[in-house]
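First up is the structure itself, then whatever we jot down about it.
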Amino acid sequence: MQTTSQAIKAYAEALPEGATLSARELLHLGERAAVDQALSRLVRRGELMRVRRGLFASPVKTRFGNRAPSVQAVVEHIAKSTGERVSQSGASAANLLGISAQNPSRQVYWTSGPSRHLKLGVQSVELKHVPSWQLRAPISRAGYAFRALAYFGKSEAAQALRRIKATLNEEEQRELLSLRACAPTWMAKELSALASSQ
């Protein structure tokens, strides 16, 4: 007969990379106290990683040893399981578009959920709560441009928008302009100026 630890390990290993699990999801494998003890044992043995308090993930086995699951996979799984909207931060979006050479030192994602920190091996990841308007078009280049503009702020908006415009094709520029309705006034004004210059 399988021990609780063995059952949890088998369950975790069957999940896709980046999938997270908590004790509540494992109560079909044992009593709460037994599940908690088994999770602690698995973490100590390196067979599970503690992503944050009460949240765990399986390390990915490679021929060079175990590594942490990809940050993107974990963040996507958290968003899917909680129903949050999550996107790259404005600084990351600016970097992805090539309009900022500054490479963020740690990974920050903006979320509609609560702010919290994740630990994936040596990587520290921050999920930072932001207003919902900043999470529009989470995976499009226009959405990245929208978040980059929010990141640069009112004082740098006009200059940033000129650089942003050069990175977008016509369709992406139209999508960016369509986001004006949910933007704060200063940002909508800059986007309107872009529209009138086309």
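The values are calculated or read from the model by the stated rules, or taken from the named source; none is laboratory data. These numbers were taken from a predicted model, which means no experiment stands behind them. Note that we place each Cβ from the backbone using ideal geometry, even for glycine, and neighbour counts take in every protein chain shown. For the accessible areas, the whole protein counts, side chains as well, though only heavy atoms, and no ligand, DNA or RNA atoms are used. Shrake-Rupley method; radii C 1.70, N 1.55, O 1.52, S 1.80 Å.
Quick notes
- In the full protein context, the range 70-197 carries 51 Å² of accessible surface per residue, based on a 1.4 Å probe and ignoring ligands, DNA and RNA.
- Placed amide H near LEU55: partners under 5 Å, 5+ positions off or other chain: none
- Share of carbon and sulfur in the accessible heavy-atom surface of the range 4-67 [1.4 Å probe, %]: 49
- Contact order normalised by residue count of the range 4-67, Cα under 8 Å, 6+ apart, percent: 36
- All-pairs alpha carbon distance profile, the range 70-197, 10 Å steps from 0, percent: 13, 45, 31, 11, 1
- Mean residue ellipticity, 222 nm, helices only, the chain: the sum of -39500 (n - 2.57) across DSSP H runs of n ≥ 4, divided by residue count and rounded to 500, is -14500 deg cm²/dmol.
- Length-normalised contact order for the range 1-125 - Cα pairs under 8 Å, 6+ apart - percent: 23
- Average silhouette area of the range 1-70, convex hull of alpha-carbon atoms, in square nanometres: 4.8
- Residues whose amide H comes within less than 5 Å of that of ARG85, counting only those at least five positions distant or on another chain, are SER112, GLY113 (H built at 1.01 Å from N in the peptide plane).
- Rolling a 1.4 angstrom probe over the range 70-197 with all protein chains present gives an accessible area of which 51% lies on carbon and sulfur atoms.
- Going by accessible surface with a 1.4 Å probe and the largest first, TRP110, TRP186 read TRP186, TRP110.
- Over the range 4-67, accessible surface divided per residue gives 61 Å², non-protein components excluded, 1.4 Å probe.
- Here's the list of aspartates and glutamates a cross-link from LYS128 could span, going by alpha-carbon distance under 13 Å and ignoring same-chain residues fewer than 8 apart: GLU84.
- Summing +1 for each Lys or Arg and -1 for each Asp or Glu among the other residues whose beta-carbon sits under 12 angstrom from that of ALA38 gives +2.
- For ALA93, the shell of other residues with beta-carbons less than 11 Å away shows a net charge of +2, using +1 for Lys and Arg and -1 for Asp and Glu.
- Taking only the Cα atoms of the range 35-111, the radius of gyration and Dmax are 15.7, 48 Å.
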